[in-house]
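Undergrad: Structure below; questions to follow.
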Amino acid sequence: MIKLQKNKVLKEKLKRKLPADSRVLEDSELVYTVSAQEYWQQALLTEEETEIPKLREYIRRRLLDKKRRMVTKYVTEAFGLLLLTDSFSCTDNLPSEYLHVSGLRRSVEEKIQLLEKAIDQCFAHIVQPLQEGVRNARSSYQRILGACLVRSRGNQGFHQTLKAVCLKNGIYASRTLGRIDLNEAITQPIYEQIDPVFGGIFRSGKPTDGSALMPHIDAFKHSLQEKMMEIGIRNGWKYDGYKKSFLIQEISAILGGLEGHILRKKRRIYESLSTSVQNDLKPCYEEAAQITGKKACERMKDVLRRGLDQQVAEGMFERAQERMQHQFHQLKNGITEKVKGSVTAMLTLASSQGDGLHKELADVKSEYKEMEKLHRSLREAAENALLRRAMQDFLLRMSPSKSGPPKT
């Protein structure tokens, strides 16, 4: 019963933060027995009762999936290089399959411009929730700070805690009061507005309203690969030409590498609001931390209140909004610059006819075949994993237990 209640509470919390079609909301196992504090009170629990084996299996699957994606990335890059090397070694392609890259370069530039516009439209969805969140934060910051500073037992023992909070720029993990984060609390009204949209921007899956980033990246990849196929065939490539395969393979590797870059930037963007507020309030925290003597706790609170009022009047929340939007702009520029640089280097490499290297390079046909086999098996494993997850989701939706336990 406790586990079901915890699961329900967690799902409700995630629904407020994530898009309605997020896959995690379909997961029936969000809480494990070992993670519920109520179960810690038991004198003795078997390993099965703690659900440690189930949690261990879940972690194992996640780690294996991460390793599989990493190996796939490396294999894809190696496969592309072997394709190119083999094309240099193939003398009969030298006179007849010269790659005219001017058309491809123009096409790449056009498609990058389209990608840039699509990303702009995608990120534009965050502007209105940000503005609404800023308005809400301006009207509620005094109440929120007051709730953080008032304790039912008065200031007894709170002086040292508040001092520690100020010394650490608004964040302190108290043993008795739990984690205190004034910056996050003050910006919570903004996060409440942007969380669903922010989650939608960085979700994976098929595009619905154009608000998700990764589907735009995938669409760019497929359109570029199709264009390379079209130009390659028109310029006399053999249907299974090595350079055509190399270019298509490299596009997958280049854009696949963007995922890690985007995920790293995602966290920085999300935390930019509270980080901005923390930086603006730092002088207030430093001043309050220096206060000692009689009624020090109340004087510290007064310094924080006055300092926050002053910063809000000077546009603290608006600056936080601008900094988040600037982070989104930097992400867009980073994506387009990485794509442009990598694709340009790829085309330059592929346009070379080997400059006589076919006379010196070793025969890599056996390595190429082995890497092709490995690449195919990894791709099939990924497809099978998707099918298994889809079947599991289907069975969960069809299961009578999905509606919850019967009422008594």
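We did not get these values from a lab; they are worked out from the coordinates using the rules stated. Predicted model, so just to flag it, every value in this text is computed and none were measured. FYI the Cβ positions are ideal-geometry reconstructions off the backbone, even for glycines, and counts take in every protein chain you see.
Undergrad: Non-local amide H neighbours of SER174 (under 5 Å, H modeled in plane, Pro and chain starts lacking H): which ones?
TA: Sorted by chain and number, the residues that satisfy this are ARG179, ILE180.
Undergrad: Follow-up question, since we're still on this one. Please list 3J(HN,Hα) in residue order for segment 335-344, calculated via the Karplus relation 6.51 cos²θ - 1.76 cosθ + 1.60 where θ = phi - 60°; whole Hz, with x for glycine and proline.
TA: Couplings: 5, 5, 5, 5, 5, 4, x, 5, 5, 4 Hz.
Undergrad: On to the next question. If the only charges are +1 at each Lys and Arg Cβ and -1 at each Asp and Glu Cβ, what is the size of the charge dipole of segment 117-191 around the Cα centre, to the nearest 20 debye? If you can, show how the numbers build up before the last one.
TA: Details: 10 positive and 4 negative charges, 75 e Å.
Value, rounded to 20: 360 debye.
Undergrad: Let me ask something additional. If each of ARG60 and ASP218 carries a label point 7 Å out from its Cα toward its Cβ, how far apart are those two points in nm?
TA: Here the modelled spin labels are 2.9 nm apart.
Undergrad: Please work out the FRET efficiency for the pair LYS340 and ALA382, using the Cβ-Cβ distance as r and a Förster radius of 25 Å; give the result to the nearest 0.05.
TA: 0.35
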